[in-house]
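Below is one structure; the comments refer to it alone.
Every number in this text was worked out from the coordinates using simple rules, so none of it is lab data. All values reported here derive from a predicted model rather than from experimental measurement. Cβ atoms come from the backbone with ideal geometry, glycine included; neighbour counts cover every protein chain shown.
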Amino acid sequence: MCKTYRYMRSNVKMVIERERLNYSGKLNGKPLEVGELCWLFTPRIRPEMGKKLFRFWSGPHKIVEKVLDVLFHIWTEGDWNREPLELMASID
């Protein structure tokens, strides 16, 4: 059992390192800019919906302000939501 855990830990470390080296910090070679539309990924699941039917992506949202290279101030765009939302979102 210890050998199995040791093997899995070493594989997970290699995958994390490979993904870290492949991450360029840009989306398809082009950084996000103010005025562009984007989608928001929300991994929190509402218990009443369940995992199978939950939609993790919401949007579109409009980028209003670029606070940092990875932190954005966004608003809902269009009438898909009952109330307009104003959020701070980051690229992770």
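Of the GluC sites (Glu not before Pro) in the range 47-84, the ones in a loop by DSSP (not H, G, I, E or B) with at most 14 other beta carbons within 10 Å are Glu48. For the chain, the number of Lys pairs with C-alpha atoms closer than 30 Å, counting only pairs eight or more positions apart or on separate chains, is 12. Length available on full extension from Leu21 to Phe54: 0.36 nm per residue minus the Cα-Cα distance, which gives 8.7 nm.
Tell me the chymotrypsin sites (Phe, Trp or Tyr not before Pro) within the chain that lie in a loop according to DSSP and have at most 16 other beta-carbon atoms within 10 Å. Qualifying residues, ordered by number: Tyr23, Phe54, Phe56, Trp80. Extension gain for Glu77-Trp39 works out to 12.7 nm (0.36 nm per residue, less the C-alpha to C-alpha distance). Contact order, relative form, for the chain: 19 percent (alpha carbon pairs under 8 Å, 6 or more residues apart, mean separation divided by residue count). Across the chain the C-alpha pair distances fall into 5 Å bins from zero in the proportions 2, 11, 15, 15, 14, 14, 12, 7, 4, 3, 1 percent.
The angle between the Cα long axis of helix 2-22 and the longest principal axis of the Cα atoms of the chain comes to about 40 degrees, rounded to the nearest 10. Put a plus charge on the Cβ of each Lys and Arg, a minus charge on the Cβ of each Asp and Glu, and nothing anywhere else: the dipole of the chain about its Cα centre is then about 900 debye.
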